[in-house]
Amino acid sequence: TNNITDVWLYVDNEFLGVYSLPTDTNKPLVIPILKEGKHVIQLRPGVKWNGMAATREYYRFYTYENDTVDLVSGQTITIPTQNITYNNYATFAMVDLFEDTYNHFQDDTTSKKRRKITSNNLHIISNDSVKYGHSCGAMYMNSESSSFKILSKDSISCSNQNAMILELDYHCNIPFEVGVYGRTSSSSSQRSFISSVRLKSNVNNGWQKIYIILGKSWGLMNYLPFQLYFQPFNPDKISNGFVHIDNIKIVHYPE
């Protein structure tokens, strides 16, 4: 899945602007270039960090169009739709597509009041709520549910201090938080939850993909192994609160 919203234009490695893709995929994006002759054109796919329009960036883990074209004044050159995939720099610290029965997440048992709880608050479901593949993850809360967090079972380790991005598809009618959990130093026994983003209900928009910056939160832990966590909230005390998640990927540069 992807949520490419923009095109970043480079001509002869010179950045010339960001252009939003048309919402109607049958309409072309027309970009004016005030140059003539042969030039190297790069069209890089752009995304919104944490889903925010103010934090746009081209996605360095995707491939992009790179071609030499002959620009003629007054003429339009059509570049066909490109097949975008991950480039050779993309390294995955975690991938969970929820397509098998194994649950990669567990309840948070770090606080004393939850040590005796053995139920799993993240369920793997296969029903009409699933958009991609056969199943997805689900967290539920009703009007009387107590707050809870779920943690990835396996610790995630990466010594690279460059950008680390969480890719996530989600659909929810209650807000939820995404962050990292771990020690702030190798000598400390104390662990902390550090939030990366809190997402609002998108029940009226359907499934959406988001690119979440984990690097800054992770950096507060001195780049030590950590666990990914999710925490749903039900501030309006609705009876059927849900958070559906799918296609989890943590991608970063190779070490």
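Brief remarks on what is shown
- Solvent-accessible surface of the chain, averaged per residue with a 1.4 angstrom probe and all protein chains in place: 55 square angstrom.
- Working note: Karplus 6.51/-1.76/1.60 with θ = phi - 60° gives the stretch 44-49 the couplings 9, x, x, 10, 10, 4 Hz, where Gly and Pro are set to x.
- Projected onto their three principal axes, the Cα atoms of the chain cover extents of 72, 45, 31 Å, largest first.
- Max-minus-min Cα coordinates of the stretch 30-78 on each principal axis give 39, 19, 15 Å, with the largest extent listed first.
- Extension gain, residue 205-residue 20: 0.36 nm per intervening residue step, less the Cα-Cα distance, totals 64.7 nm.
- Helix-only CD estimate at 222 nm, as mean residue ellipticity for the chain, using -39500 (n - 2.57) per DSSP H run (n ≥ 4): -500 deg cm²/dmol
- Accessible-area value, residue 92, 1.4 Å probe, nucleic acids and ligands omitted, Å²: 80 Å²
- Taking 0.890 mPa s as the viscosity and 25 °C as the temperature, the Stokes-Einstein diffusion coefficient of the stretch 60-107 based on its alpha-carbon Kirkwood radius rounds to 160 µm²/s.
- Cα-Cα separations in the stretch 1-153 greater than 19 Å, expressed as whole percent: 69 percent
- Computed with a 1.4 Å probe over protein heavy atoms only, the accessible area of residue 68 comes to about 90 Å².
- Considering only 243, 231, 97, the residue lying farthest towards the positive end of the dipole of the chain is 231, judged by Cα position with unit charges set on Cβ.
- Among 19, 89, the order of accessible area from largest down is 89, 19, computed with a 1.4 Å probe on protein heavy atoms.
- Cut-off 13 Å between beta-carbons: net charge of the residues surrounding residue 69, Lys and Arg +1, Asp and Glu -1: -3
- Rounded to the nearest 10 Å², the accessible area of residue 94 at probe 1.4 Å: 30 Å²
- Sum of side-chain charges, residue 217 neighbourhood, beta-carbon under 14 Å (Lys, Arg +1; Asp, Glu -1): +3
- 3J(HN,Hα) along the stretch 99-106, derived from phi through the Karplus expression 6.51 cos²θ - 1.76 cosθ + 1.60 where θ = phi - 60°, amounts to 9, 10, 7, 6, 9, 7, 10, 9 Hz, with x in place of Gly and Pro.
- Protein-only accessible surface order, largest first, of 169, 70 at 1.4 Å: 70, 169
- All other residues whose Cβ lies under 12 angstrom from that of residue 167 are scored, Lys and Arg at +1 and Asp and Glu at -1, for a net of -1.
- Sequence-distant aspartates and glutamates (8 or more away, or on other chains) whose Cα lies within less than 19 Å of residue 249: 57, 96, 99, 100, 154, 167, 169, 177
The values are calculated or read from the model by the stated rules, or taken from the named source; none is laboratory data. Here the structure is a predicted model, which means the values were calculated and not measured. Backbone-built Cβ (ideal geometry, glycine too); neighbour counts: all protein chains shown. For the accessible areas, the whole protein counts, side chains as well, though only heavy atoms, and no ligand, DNA or RNA atoms are used. Shrake-Rupley method; radii C 1.70, N 1.55, O 1.52, S 1.80 Å.
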